[in-house]
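The values are calculated or read from the model by the stated rules, or taken from the named source; none is laboratory data. The model shown is predicted, which means the values in this text are computed figures rather than measured ones. Every residue, glycine as well, gets a Cβ built from its backbone with ideal geometry; the counts of neighbours run over all protein chains shown.
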Amino acid sequence: MWRILERLEWELRRRLQCLYMARLRHHGIEIGPGASVVRGAALGPTVESVGAGTRIHSNCVLKGRSRITVGKYCDIAEGAHVVSSNHEINRANLSVDFQRRYGGGELLETRGPVRIGNGVWIGDNAVVLSGVEVGDGAVVSAGAIVTRSVEPFTIVAGVPAKAVRKRFDDEVIEELLALAWWDWPEGRLRASGALFEKDLTDADAAEFLRGFRRDRASAAGAG
Ligand SMILES: CC(C)(COP(=O)(O)OP(=O)(O)OC[C@H]1O[C@@H](n2cnc3c(N)ncnc32)[C@H](O)[C@@H]1OP(=O)(O)O)[C@@H](O)C(=O)NCCC(=O)NCCS
């Protein structure tokens with residue numbers, strides 16, 4: 001009996017998830033292949049795109065007046081918020097509803113779009129504010145409040161978020177940015193297990209990555 005009910009529940013959840021993804025697409029959000037936005041995450045109308053393979057977990061909120069774009073193969077953990085608006089704070093009133101009811105003009109303002117790069121990990125309950133660009137491969141720690149842009153492959157933490165350290169040596173970061181593996185086609189990603197198994201803090205990491213680039217160049221030459 002319970003097994004049947006569990007099976008039914010699972011099937012219902014699966015269908016609701018498909019419906020939710022279809023609704024997001026219907027509302028004009030460009031969602032790349034293999035991306036998933038877990039039902040229970042809330043994406044506002046200014047979210048423009050969610051890249052291939054990205055997962056946005058439950059209780060995430062992406063909202064605000066300015067454009068929000070999320071790159072490929074990101075992991076946005078539970079309860080993370082991306083907020084691309086502020087309330088105008090130089091007026092007598094701070095409530096948007098009040099301003100609509102009694103006049104006084106638009107109360108929402110923004111410091112600009114938010115761009116989450118590729119291969120980014122945003123931890124539980126982190127908040128990314130308007131005008132921020134989170135660079136490719138960056139890590140936003142749990143609970144961080146990000147008020148300034150984050151360099152690629154940098155870990156930030158705290159309130160306001162500050163750089164803790166870079167994930168790799170500069171040379172390795174340069175190679176990773178040049179490789180831009182997130183733009184590779186599915187087949188190439190599947191065939192590149194060695195790249196994703198490698199510890200990129202090893203002393204030979206930059207040379208290892210250069211090897212991948214050379215292989216690519218010679219394959220392109222042969223083709
Ligand atoms: C950032 C993180 C990945 C660890 O990165 P790390 O570079 O290995 O960091 P360390 O543990 O060496 O800590 C470095 C410093 O940052 C601080 N720090 C680490 N995480 C922090 C956080 N979330 N908020 C504030 N400070 C943090 C540490 O206290 C340490 O400070 P200290 O040097 O003054 O002692 C991890 O702490 C984190 O936040 N993970 C996210 C977990 C999560 O949300 N998971 C979601 C589901 S999988």
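The table below gives the values:
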item	result
One residue from ILE4, ILE29 being of a type outside the set (S, T, N, Q), farther than 19 Å from ALA126 by Cα and within 17 Å of the chain's Cα centre (by Cα)	ILE29
ILE173 in contact (Cβ under 8 Å) with a residue 12 or more places away in the chain, within 11 Å of the ligand (Cβ to nearest atom), aliphatic (A, V, I, L, M) and surrounded by 13 or more Cβ atoms within 10 Å (Cβ to Cβ)	no
Enumeration of residues in region 38-60 that are within 16 Å of the ligand (Cβ to nearest atom) and at negative phi	VAL38, ALA41, THR54, ARG55, ILE56, HIS57, SER58, CYS60
Residue tally, condition within 9 Å of the ligand (Cβ to nearest atom), within 18 Å of the chain's Cα centre (by Cα) and loosely packed, with under 15 Cβ neighbours inside 10 Å, over region 147-160	0
Pick from region 72-92, criterion surrounded by fewer than 24 Cβ atoms within 10 Å (Cβ to Cβ), within 10 Å of the chain's Cα centre (by Cα) and of a type outside the set (Phe, Trp, Tyr), ranking: nearest to the ligand (Cβ to nearest atom)	ALA77
Selected residue (criterion: farthest from VAL38 (Cα to Cα)) from residues of region 63-100 that are assigned to a strand (DSSP E or B) and free of Cβ contacts under 8 Å to residues at least 24 places away in the same chain	HIS87
Qualifying residue in region 94-110 (condition: buried (at least 16 other Cβ atoms within 10 Å of the Cβ), of a type in the set (A, V, I, L, M), touching a helix residue (DSSP H, G or I) at 6+ places or on another chain (Cβ under 6 Å) and assigned by TED's automatic domain parsing to the domain that holds THR46)	yes
Meets criteria (within 16 Å of the ligand (Cβ to nearest atom), closer than 18 Å to ILE116 by Cβ and either modelled with pLDDT of 95 or more or not assigned by TED's automatic domain parsing to the domain that holds VAL120 (or both)) for THR201	no
Residue that is within 16 Å of the ligand (Cβ to nearest atom) and either closer than 30 Å to HIS81 by Cβ or not in a loop (DSSP other than H, G, I, E, B) (or both), where the choices are ALA163, ALA194	ALA163
Residue match in region 150-159 (condition: part of a loop (DSSP other than H, G, I, E, B) and more than 20 Å from LYS72 (Cα to Cα))	yes
Number of the exception - VAL120 against (1) over 23 Å from GLY53 (Cα atoms); (2) surrounded by 14 or more Cβ atoms within 10 Å (Cβ to Cβ); (3) within 16 Å of the ligand (Cβ to nearest atom)	(1)
Yes/no for GLU11 being more than 16 Å from the ligand (Cβ to nearest atom) and not in a strand (DSSP E or B)	yes
Answer from ALA161, ALA138, ALA126, ALA142 - the residue that is touching a residue at least 60 places away in the same chain (Cβ under 8 Å) and outside the structural domain of TRP182 (by TED's automatic domain parsing)	ALA142
Output for region 123-140, where each listed residue is within 13 Å of the chain's Cα centre (by Cα) and part of a loop (DSSP other than H, G, I, E, B)	GLY123, ASP124, ALA126, VAL132, GLY135, ASP136, GLY137, ALA138
